[in-house]
1. Hey, can you tell me all the residues within region 93-108 that are closer than 20 Å to Thr29 by Cβ and either charged (D, E, K, R) or over 12 Å from the mean Cα position of the chain (by Cα) (or both)?
2. If the requirement is being among the hydrophobic types (A, V, I, L, M, F, W, C) and open to solvent by 60 Å² or more (accessible area, probe 1.4 Å), which of these qualifies: Ala143, Ala196?
3. Considering region 169-180 alone, what residues qualify as being modelled with pLDDT of 95 or more and in a loop (DSSP other than H, G, I, E, B)?
4. Output the number of residues of region 23-47 satisfying the condition of being at pLDDT 85 or above and either part of a loop (DSSP other than H, G, I, E, B) or loosely packed, with under 15 Cβ neighbours inside 10 Å (or both).
5. So Met183 ticks every box in (1) surrounded by fewer than 21 Cβ atoms within 10 Å (Cβ to Cβ); (2) in contact with a Lys or Arg (Cβ under 7 Å, 6 or more places away or on another chain); (3) touching a residue at least 24 places away in the same chain (Cβ under 8 Å); (4) not in a loop (DSSP other than H, G, I, E, B) but one. Which box is left unticked?
6. Restricting to region 167-179, and then to whatever is open to solvent by 30 Å² or more (accessible area, probe 1.4 Å) and not hydrophobic (A, V, I, L, M, F, W, C), can you tell me which residue is nearest to Asn121 (Cα to Cα)?
7. Considering region 119-139 alone, what residues qualify as being open to solvent by 70 Å² or more (accessible area, probe 1.4 Å) and either within 30 Å of Ala30 (Cβ to Cβ) or free of Cβ contacts under 8 Å to residues at least 24 places away in the same chain (or both)?
8. Taking Thr166, is it under 24 Å from Gly113 (Cβ atoms), out of contact with any Pro (no Cβ under 7 Å at 6 or more places or on another chain), assigned to a helix (DSSP H, G or I) and not acidic (Asp, Glu)?
Amino acid sequence: DVSVRAPQFDINMVQWVDWDRLGTAYADTASDPRTGEITNANIFLPSGMFKEPRKIVKEDVHTSLGLRGFTAATITETAGDEHLEDLPDQAAERIAGNSLILTVAHELGHIMGLRHNFAGNLVASYDYKERRSMLNTYYTNFALPKDLVVSSSVMDYLPPQEDSMTADLLAKDPEHALTYDTMAMRYLYFGTELPAERPPFCNDD
């Protein structure tokens, strides 16, 4: 019913929001203060997320830190690969679309009770030096190395290219979540004991 809009406390919703200036999704939950149980959840997807594909694939962010009178230093620089301008349209659209799929999966993780896990990519099965060659193959025919691991969790923050590869891996085996997420869900919802050896975890704190 198009007249029903989030939040509704008897319905769990994924809500489209006409907000072109907001480029990030948002998950909101209502919890029982006595038990912590999530009783209701909503995911908000603003229109600002859905940019022209190449703008999602290559988005430069420069953060500078400096003292007045001194030269500022760039402390973060998250940019796409230099050759992304030459991507075929099909590859740009695939990466952008898959990146949005991973965003929705990430927000679903939040409403299921998961926190960010910025250490998920520490289990990646490839070295950064191999990334350029691997991505070139991926851009051409979307082929992925056998037994590729990008991250252990959809709660990680990854570049759009890694998001896209993860989405393709999940699509190949939709019955299985990533290793950290599977472990956490089994623990939270079924009381399965945590293994002694488990994927690394690092949240916002």
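The values are calculated or read from the model by the stated rules, or taken from the named source; none is laboratory data. Quick caveat, the model's predicted, so the values are computed rather than measured. Glycine gets a Cβ as well: all are built from the backbone with ideal geometry, and neighbour counts include every protein chain shown. These accessible areas exclude ligands, DNA and RNA; they are computed on the full protein's heavy atoms, side chains included. Shrake-Rupley method; radii C 1.70, N 1.55, O 1.52, S 1.80 Å.
1. Across region 93-108, the qualifying residue is only Glu107.
2. One residue alone meets the criteria, Ala196.
3. Leu178
4. So the count comes out to 13.
5. Going through (1) surrounded by fewer than 21 Cβ atoms within 10 Å (Cβ to Cβ); (2) in contact with a Lys or Arg (Cβ under 7 Å, 6 or more places away or on another chain); (3) touching a residue at least 24 places away in the same chain (Cβ under 8 Å); (4) not in a loop (DSSP other than H, G, I, E, B) one by one, Met183 breaks only (3).
6. Thr179
7. Selection gives Asp127, Tyr128, Lys129, Glu130, Ser133.
8. Yes, satisfied.
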